[in-house]
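What follows is a short report on a single structure.
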Amino acid sequence: MSNDEIFAAAYREHYWAVSRYVARRLQGRADEVEEVVAEVFTVAWRRRGDLQASPLPWLYGVARNCLANAVRGYGRRRRLVDRMGNDEAAHGRHIVDSPDAEAPGAWVHDALARLSPVDQEVLRLTVWEELGAEEIAVALGCGRRAAVMRLHRARRRLRAEIDRMRPAVAALPASADATLRKDHRHG
């Protein structure tokens, strides 16, 4: 199979997985998802000789780099718009959520958000992308043992954050609190 055919197969098989990966990380900025995904596959096309038999973890690694570039670019654009005084609040489009707008389980996302970006990413690769240790190692560009250690430490830090939040979580319904205790014992 030629490099072009390998690329075409990777694109067909993994376009939607890469799109979901990017969309989950660009929450609230759906307009940028297609742009980042296009950049991922542009890089994959240029480096099609590097595509492996199972290219998805490698594509996730490329997506991580493309996302980092997009986030930096978004920050630059945001600062420019702010300096120009053309932000949404200045035009009366500032939206305030109602107090009951919090989604169920939002506290888990709050705990995750308190972790470092590295910890967040290894947990997301495990849970959202359902990658194993070998695949996480490829996506992160490290060895398998390092990936396992990063995952172990990230889980421990997430558990600690959840424990710190427990007083706030105590207001949850009894069934949710029982599930949290069960998950904590088995995690």
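Contact map, the stretch 121-147: residues that are within 17 Å of Val62 (Cα to Cα) paired with residues that are in a loop (DSSP other than H, G, I, E, B) and hydrophobic (A, V, I, L, M, F, W, C), Cβ distance under 6 Å, separation 6+ or inter-chain. Pairs shown: Leu125/Leu131.
Residues that are among the β-branched types (Val, Ile, Thr) and at pLDDT below 90: does the stretch 76-83 have at least one? Looking for residues that are among the β-branched types (Val, Ile, Thr) and at pLDDT below 90, one finds at least one in the stretch 76-83, hence yes.
Does Arg145 qualify as being loosely packed, with under 14 Cβ neighbours inside 10 Å and modelled with pLDDT of 55 or more? Considered against the rule, which asks whether it is loosely packed, with under 14 Cβ neighbours inside 10 Å and modelled with pLDDT of 55 or more, Arg145 comes out as yes. Residues that are under 16 Å from the mean Cα position of the chain (by Cα) and among the acidic types (Asp, Glu) were ranked within the stretch 18-47; the one that is surrounded by the most Cβ atoms within 10 Å (Cβ to Cβ) is Glu32.
Only residues that are within 14 Å of the chain's Cα centre (by Cα) and either among the hydrophobic types (A, V, I, L, M, F, W, C) or more than 18 Å from Cys142 (Cα to Cα) (or both) were counted in the stretch 48-68, giving 6. Of all residue pairs spaced 6 or more apart or on separate chains, those with beta-carbon atoms under 7 Å, a first member in the stretch 39-59 that is outside any loop (DSSP other than H, G, I, E, B) and a second member that is polar (S, T, N, Q) are Arg48/Asn3; Gly49/Asn3; Trp58/Gln52.
Quick check: is even one residue across the stretch 2-13 at positive phi and not in a helix (DSSP H, G or I)? No, the stretch 2-13 contains no residue that is at positive phi and not in a helix (DSSP H, G or I).
The values are calculated or read from the model by the stated rules, or taken from the named source; none is laboratory data. None of these values were measured; they are calculated from a predicted model. As a convention, Cβ positions derive from the backbone with ideal geometry for all residues, glycine included, and neighbour counts pool all protein chains shown.
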